[in-house]
Amino acid sequence: MKKKPDVIINTIARLMIPFIQMYALYVMVGTEGAGGGFQGGVVFAASFVLFVTAFGITKGRSRLPESWNTALSSLGLYFYAGIGILCIILSLGVANYLNYGALPLAELIDRAMTRGLMISFVVEVGIAITVMAVFTSIFFDLAWKPEEDKGGEQ
Amino acid sequence: MKPITASAMLLVILLGALFIYVVEDIPAFGDPNSPANKWINLSISVDTTPDVLTGLNDGVVPDILAEKITDRGFPLPRGYKVVEEGGGWNVLIPTGERLYPELQEYYFIKREGDRLWVYRYSVPLRWETKCEEEIGTPNMVTAGLADYRGYDTLGETTVIFTAGVAVILLLRRRGKL
């Protein structure tokens, strides 16, 4: 059964989603404010939940295809684990795993600043990507109904 | 009353009593000198004799104290340094970190009356006092989450990823990725 699109819900969702995503980016990036990767990722996933609630699951899947979603859910973890491996490789085996201060960037700028930058732009973003993709994927899997399968993608 | 109900009731009452005891026993919230926040008393003490005091003032932990500390399982590493600080002596030890070679605070020997008590600093002290200098952020939570306890957060992220994979395996039945 197809529901008729509701003008109020669609307009308000269209208005809210960009702001929710902007707020999620504000929460996830940076070390000085409140929040972090987990919270930012969940807020970002909430924007997809709102999109699906307003526009239906097939349209939601066309915005975030299943292949992209699956790839993203491991990409964030690769960011986090990869920066740890990079710390060992780029310091030629001197430093420990996840020792951001040993990256060659610390020779150019301050060591403390390097650690802060790595946390805010790689680690937190990696966590946020994984959390966003996993929560969206769980939501889509739970919300999918078999009868919507035929009218689905493409 | 059935025996199982009575035993469950007893367990609930015992648990409640335990919680009340714990709430009474923990240090006041925000007390900067409580064990969780600053240091723990190791219950090691010696009398203040003149040679102990001269030893400490010369920058050496006296043998009588060092032996007691070693018996407790916290041996003093090589290259430590003793610095006098209000009401006692700070024992600084090298931690062997390549990028941060400076000595770190480890023990505090406190003078109380005619006894000397050994305190050990708890872990969050470095985290609290040095996080702005070492990581360049005033936000202690982020510094702890992603840097001092980075392995922990990596594990948490893996847990969330595993949850996603489990839901995909259980509920996705469309044979198409």
ask   = Exactly one of (1) touching a residue at least 24 places away in the same chain (Cβ under 8 Å); (2) surrounded by 14 or more Cβ atoms within 10 Å (Cβ to Cβ); (3) in a loop (DSSP other than H, G, I, E, B) is unmet by B:Ala36. Its number?
value = (2)
inquiry  = Against the definition (closer than 30 Å to A:Val7 by Cα and not basic (Lys, Arg)), how does A:Ala102 come out, yes or no?
reply    = no
message = With the structure loaded, tell me whether A:Leu98 is free of Cβ contacts under 8 Å to residues at least 60 places away in the same chain and surrounded by fewer than 20 Cβ atoms within 10 Å (Cβ to Cβ) or whether it fails that test.
response = no
request  = Name, by its number, the condition in (1) within 8 Å of another protein chain (Cβ to nearest Cβ); (2) more than 30 Å from A:Pro65 (Cα to Cα); (3) within 24 Å of the chain's Cα centre (by Cα); (4) part of a helix (DSSP H, G or I) that does not hold for A:Leu98.
outcome  = (4)
message = List pairs: first residue in region A:19-35 and within 23 Å of A:Met113 (Cα to Cα), second residue β-branched (Val, Ile, Thr) anywhere in the structure, Cβ distance under 7 angstrom, at least six positions apart or on different chains.
response = A:Val27/A:Val43; A:Met28/A:Val125; A:Val29/A:Val125; A:Thr31/A:Ile119; A:Thr31/B:Thr137; A:Thr31/B:Thr142; A:Glu32/B:Thr137; A:Gly35/A:Val27
request  = Among the residues of region B:144-156, write down those that are surrounded by 18 or more Cβ atoms within 10 Å (Cβ to Cβ), of a type outside the set (Ser, Thr, Tyr), closer than 16 Å to A:Ile83 by Cβ and out of contact with any Gly (no Cβ under 7 Å at 6 or more places or on another chain).
outcome  = B:Ala146, B:Asp147, B:Gly150, B:Leu154
key: region A:106-144: number of residues that are touching a residue at least 40 places away in the same chain (Cβ under 8 Å) and not in a helix (DSSP H, G or I)   = 1
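Bear in mind these aren't lab numbers, they're just calculated from the coordinates by the rules spelled out. Nothing here was measured: the structure is a model prediction, and the numbers come from that model. A quick note on method: Cβ atoms are made from the backbone with ideal geometry, for glycine too, and the neighbour counts reach across all protein chains shown.
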